[in-house]
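Structure first, then comments.
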Amino acid sequence: MISDAYLRTLEAAQFVMPGSYGRGIPVWQDAGLRAARRLVAAFESALGQWWTPRIVEHPFLMPAAEYKEVFDDYTNVYETTVPEAGGPCVLAPDNMPTSVGLLRKQGDDEPLVAVGGLLRVLPGGAQPLFRDRHIWPAVQVTHLVSEENALAELERHRLAVTRLHEMLCLPVMTVRTGSLASYGRTTYLTVSCLPDGRPTVTATLYVMSGRYRDRLLSDSEVIDVGFTGKLLALVALHHRDAFGLVLPSVLADTQVGLLVEEEDRRGQEWRTAQTQDGIRVRAMHSAPRPYARRRAERRLLRQGVPLVVGVRGEALRIARRYPLRRDDLPVLPESRTLHGELAAHDDRLRRMSADRFSAGLRETGRLVARCDSCAGTNGEEIFGWAVPETEAPCDACGAPGSEVLLGGRFY
Ligand SMILES: [Zn+2]
């Protein structure tokens with residue numbers, strides 16, 4: 001189990017409402033919807049290094065027959081009869097059949113990114129954003145590639161997903177696993193960790209198996225990459241202080257909060273200049289009384305704002321997070337300084353979570369080196385092999401080997 005503290009943090013930041021529509025259906029609020037959009041935009045920018053990805057949202061209903069031609073043995077979708085849609089339909093199912101159909105029709109060799117919700121039958125309990133009936137946001141990339149380029153293209157997708165974790169200030173490693181061979185001809189899983197160091201899978205990357213390629217009627221290899229709002233939950237799990245959520249700058253709607261009693265022309269001009277230089281600043285007006293200022297500041301901090309600049313007469317202060325520290329400022333900072341402050345903020349977040357990752361994986365003996373003959377012996381369960389392959393002497397016998405992540409229960 002995972003403690004619900006991350007959920008309280010996300011509720012206080014008004015990402016989700018306390019409670020839900022029912023088991024496994026979290027209710028998102030404006031701040032959460034905006035953060036999800038920023039998450040998708042960050043991923044789009046990571047993909048943009050190599051491709052011009054197209055973002056789509058597929059219809060909620062899909063003819064059941066079409067779906068079952070691909071996923072005949074899956075019983076985890078909801079089905080209903082819709083006369084207007086010509087018969088039985090599945091509700092918000094996997095995007096791959098529709099995405100492959102679209103790409104084939106248009107002869108498109110760029111990645112298609114389907115964003116939206118997935119509905120899944122949920123046996124057992126829910127863990128909001130980790131295990132839900134309505135999985136949102138669900139981001140699923142479909143990419144048709146030639147056979148000879150498949151692994152090189154998968155590697156680029158791996159780098160894009162890794163880059164996304166870096167922007168979110170979450171630690172990550174990739175492993176190759178053979179355990180889902182009927183689904184993926186090559187399967188990569190990205191693994192991050194919970195704050196206590198337990199590993200958790202954050203994204204799946206497949207070159208689909210021949211069986212699915214045939215069912216999808218594709219002459220090309222099909223790459224499928226997926227992740228969900230679980231990444232936002234992980235951000236909340238790792239990055240919070242006594243005041244609440246601490247957002248990495250890429251997700252923060254307000255990167256710099258400006259606390260003023262009364263904004264003069266100088267303040268307005270300063271804000272305009274920051275906006276032009278790509279910094280998201282929001283002014284908060286507060287009564288001069290100290291408790292009113294503190295309350296306004298606390299509200300910004302609770303929402304995850306990385307930096308707060310306070311103006312009081314001629315005196316200036318900056319509050320940095322994680323942990324909170326207030327310092328005097330000589331003048332209102334230039335945008336170059338603020339960009340540096342935000343980069344330093346992200347670095348602090350990255351360092352803290354990276355420490356937990358190495359403590360959790362390396363120091364507890366989950367990430368070890370094995371040679372081919374020692375791997376998987378003595379009842380040891382291998383979760384996957386590190387990608388890219390990381391050569392190291394086998395921890396068991398000293399022969400040349402490479403790094404593996406050992407199995408066990410993952411969330
Ligand atoms: Zn060995």
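What follows is calculated from the coordinates using simple rules that are stated; it is not laboratory data. Computed from a predicted structure; not experimentally measured. Cβ sites come from the backbone with ideal geometry, for glycine too, and all protein chains shown count toward neighbours.
Of the peptides 150-160, 240-250, how do they stack up when ordered by the mean number of other Cβ atoms within 10 Å, highest first? Intermediate results must be reported in sequence, preceding the final value.
On the way: 150-160: 18.6, 240-250: 21.3.
Going by the mean number of other Cβ atoms within 10 Å, highest first, we get 240-250, 150-160.
Positive end of the dipole of the chain (Cβ unit charges, origin at the Cα centre): among Pro97, Ser182, Leu367, the Cα lying farthest that way belongs to Leu367.
Where does each of Leu324, Leu102, Leu164, Leu119 land when they are ranked from fewest to most other beta-carbon atoms within 10 angstrom? Don't skip to the end; give the middle numbers.
On the way: Leu324 14, Leu102 17, Leu164 26, Leu119 21.
Ascending Cβ contact count within 10 Å gives the list Leu324, Leu102, Leu119, Leu164.
Applied to the stretch 51-59, the Karplus parametrisation 6.51 cos²θ - 1.76 cosθ + 1.60 on θ = phi - 60° returns per-residue 3J(HN,Hα) values of 9, 10, x, 10, 9, 9, 10, 7, x Hz, with x for Gly and Pro. Residues whose amide H lies under 5 Å from that of Gly184, counting only those 5 or more places away or on a different chain, are Ser209; hydrogens are built 1.01 Å from N in the peptide plane. Over the chain, the hull volume per residue, using the convex hull of the C-alpha atoms, is 174 Å³. Two decimals, Cα atoms only, Kirkwood Rh: what is Rg/Rh over the stretch 1-157? The Rg/Rh ratio comes out at 1.00. Taking the Cα centre of the chain as origin and assigning +1 to Lys and Arg Cβ atoms and -1 to Asp and Glu Cβ atoms, the resulting dipole is close to 1840 debye.
The helix-only estimate of mean residue ellipticity at 222 nm for the chain, built from DSSP H runs of length n ≥ 4 each weighted as -39500 (n - 2.57), is -10000 deg cm²/dmol after division by the residue total.
Taking the charge dipole of the chain about its Cα centre, with +1 at Lys and Arg Cβ atoms and -1 at Asp and Glu Cβ atoms, the residue from Gly278, Tyr78, Leu119 reaching farthest to the positive side is Gly278. Here the peptides 346-354, 265-273 are ranked by packing, the mean other Cβ count within 10 Å, and the order with the highest first is 346-354, 265-273. Using a ≥ b ≥ c from the Cα gyration tensor of the stretch 366-406 (square roots of the eigenvalues), is it rounded, prolate or oblate, where a/c under 1.5 gives rounded and otherwise the larger of a/b and b/c decides, a/b for prolate? Note, shape of the stretch 366-406 comes out oblate. For the chain, averaging the sequence separation of C-alpha pairs within contact (under 8 Å, six or more residues apart) and dividing by the residue count gives a relative contact order of 14 percent.
Charges only on Cβ, +1 for Lys and Arg, -1 for Asp and Glu: so what's the dipole of the stretch 366-406 about the Cα centre, in debye to the nearest 20?
Values: 2 positive and 7 negative charges, 15 e Å.
Once rounded to the nearest 20, the dipole reads 80 debye.
Under 5 Å from the amide H of Phe60 lies no amide H of any residue 5 or more positions distant or on a separate chain, with H modelled from the backbone and absent for Pro and chain starts.
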